[in-house]
Amino acid sequence: MSPYKIESNFDTVDLDDPTLLAFEYMRWFGDVLDELAPLGAPLSVVHLGGAGVTLARYLSATRPASRQLVAEIDQALVQLV
């Protein structure tokens, strides 16, 4: 795991590996999205609460053409990740 890692009660963000979904609930979300469309196919997603933008970063890495909107109240977190 990268030294550029952010941990919280809600998720772990590895700034060097956007495909890392460390928490089980986040892996469930990733698994569901991966079942919705073939890997690499773009999705349109709205994230209510960014959870460290973990899932948004995952989708950007695995589905680069996806359109995403993240609504996150913690501006400091958004600037960090």
Original post:
Using only the Cα atoms of the range 41-81, what do you get for the radius of gyration and for Dmax, in Å?
Top reply: 10.1, 31
Subject >> residue 22 long-range amide H proximity, modeled H, under 5 Å >> reply: 12
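The numbers here are math on the coordinates, done by the rules we state, and not lab data. This structure is a prediction, so every number in the text was calculated from the model and none was measured.
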